[in-house]
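Structure, as structure tokens:
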Amino acid sequence: MPESQYRFSVGPWNLGRGADPFGPPVRPAVPFDDVLAVAVDLGFDGIQFHDDDAVPDLEDLSPAQIVAKAEAMRKKLADMNLVAEFVAPRLWEHPHGIDGGYTSNDAACRKWAIDRSKRAVDVAMALGCDLIVLWPAREGTGVRESKCPVEASRRLVDAVNAILGASPTVRIAIEPKPNEPVDTAFIPTIGHALALGARSADPARVGVLIESAHAILAGLDPSDEMGFALAAGKLWSVHLNDQNGLKYDQDKVFGAANLRGAFDQVRVLEAADYAATGAFVGFDVKAQRTQKAESATAHLATSQAVFLKLVEKVRTFPVNTADEMIAQRDYEALERLVLEHLLG
Ligand code: 3MF
Ligand code: MG
């Protein structure tokens, strides 16, 4: 059986300016065209977009203007042999999204969130992609009693249904995260995201995007989260990265904190032949604040190199030996086999 080839993708936010909550940007902004050039340089095929990365100031434009601008972007991508992987409505930066969009206590803000998400669907369709990523960033609480979780859950289903209703072909990948920027999020794990999709008007069009660090922040093993989604045919994108325990959201290079955990994620993607589904491998990684501008793409190159090395490690793993150990229930021998294979 031929071994499937992976397709890689990146978002403009992965070439950030190094700002953190305690300090300002330390690098100049990377112009959008340079993001595309970096993607081509790295051999990536896909670009991930926030709605307003693709169409800046889209709130000030008519639906027809939005479509025209997105079509121009599609052509720009095609000229560079790139495609749009997904569009994510960026609800979390806008004043109307201050208390979450879909679950805001303010009806006008909820309406805004759904309208903006429908515009994101228009952008996606004009870019030639059918995938919307929903990162429900502020759909949660800082003060638990400020929202009713029952009502919030219903509102999230309503929002998913409204987005599905915007196009007969649009698919939604929910990207769960348990906390940050909110204290507690309503969609913290893959199980929650899939259950939400199952309650929607068209469960076949709702899947997930798994970010390694988000699973770790939820106290879960990213490879098991991936396995759960893959078994259901619902893993429609990944944001591979790493996270050193329960700290602030780090977006570290894939494998930087836990190389074995990264191996296990690649192992499960290989086991389910994720590459053959045509879904992309994205790296939601950020350069360290200390990194100088001229080498602030190294985190992407390193993540991809680690990923490809781990694909080799998975493909050369002595499966027969492992199977014998498993049959003997000699998991200590298996432990050593894995560690020596990774070290060797
Ligand atoms: C969240 C995401 C993105 C964010 C980005 C911002 C699609 O994990 O993947 O949403 O916008 O990470 O820093
Ligand atoms: Mg992400």
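The values are calculated or read from the model by the stated rules, or taken from the named source; none is laboratory data. Owing to the predicted nature of the structure, the values given are computational and were not obtained by experimental measurement. A quick note on method: Cβ atoms are made from the backbone with ideal geometry, for glycine too, and the neighbour counts reach across all protein chains shown. Please note that ligands, DNA and RNA were not included when accessible areas were found on the heavy atoms of the full protein model with its side chains. Shrake-Rupley method; radii C 1.70, N 1.55, O 1.52, S 1.80 Å.
Could you count how many residues in region 316-330 are surrounded by 12 or more Cβ atoms within 10 Å (Cβ to Cβ) and either assigned to a helix (DSSP H, G or I) or of a type in the set (G, A, S) (or both)?
The total comes to 5.
Could you tell me which residue of region 23-54 is most open to solvent (accessible area, probe 1.4 Å), considering only residues that are closer than 24 Å to A279 by Cβ and of a type in the set (V, I, T)?
This residue is V40.
Do we find a residue being within 16 Å of ligand 1 (Cβ to nearest atom), within 21 Å of G11 (Cα to Cα) and modelled with pLDDT of 95 or more anywhere in region 59-82?
Taking every residue of region 59-82 in turn, none turns out to be within 16 Å of ligand 1 (Cβ to nearest atom), within 21 Å of G11 (Cα to Cα) and modelled with pLDDT of 95 or more.
Looking at (1) of a type in the set (F, W, Y); (2) within 16 Å of ligand 1 (Cβ to nearest atom); (3) farther than 27 Å from S146 by Cβ, which is the only condition F228 fails?
The single condition F228 does not satisfy is (2).
Under 25 Å from G278 (Cα atoms), at pLDDT 95 or above and out of contact with any strand residue (DSSP E or B) (no Cβ under 9 Å at 6 or more places or on another chain): is that true of A231 in this structure?
Criteria met by A231.
So how many residues does region 75-85 have that are open to solvent by 60 Å² or more (accessible area, probe 1.4 Å), charged (D, E, K, R) and within 21 Å of the chain's Cα centre (by Cα)?
The number of residues fulfilling the criteria is 0.
I'd like to know if region 157-176 contains one or more residues that are touching a residue at least 60 places away in the same chain (Cβ under 8 Å) and not in a strand (DSSP E or B).
yes
Just need a number here: residues in region 173-202 that are within 16 Å of ligand 2 (Cβ to nearest atom) and touching a helix residue (DSSP H, G or I) at 6+ places or on another chain (Cβ under 6 Å).
Result for region 173-202: 6.
Of all residues in region 89-124, which are of a type in the set (V, I, T), within 19 Å of V55 (Cα to Cα) and away from ligand 1 (no atom under 16 Å from the Cβ)?
Here is the first cut: in region 89-124, the residues of a type in the set (V, I, T) are 98, 103, 114, 121, 123.
Next, only the ones that are within 19 Å of V55 (Cα to Cα) stay: 114, 121, 123.
Scanning region 89-124 gives a single hit, I114.
Within the set of pairs 6+ apart or on separate chains, which have a first residue in region 305-318 that is in contact (Cβ under 8 Å) with a residue 40 or more places away in the chain, a second that is open to solvent by 40 Å² or more (accessible area, probe 1.4 Å) and assigned to a helix (DSSP H, G or I), and C-beta atoms under 6 Å apart?
Here the result reads V314/R267; V314/E270, each pair linking region 305-318 to a residue that is open to solvent by 40 Å² or more (accessible area, probe 1.4 Å) and assigned to a helix (DSSP H, G or I).
Show the residue pairs meeting these rules: Cβ distance below 6 Å; 6+ apart or different chains; first residue within region 90-112 and on the phi < 0 side of the Ramachandran plot; second residue part of a loop (DSSP other than H, G, I, E, B) and of a type in the set (D, E).
Close Cβ pairs satisfying both conditions: Y102/E139; T103/E139.
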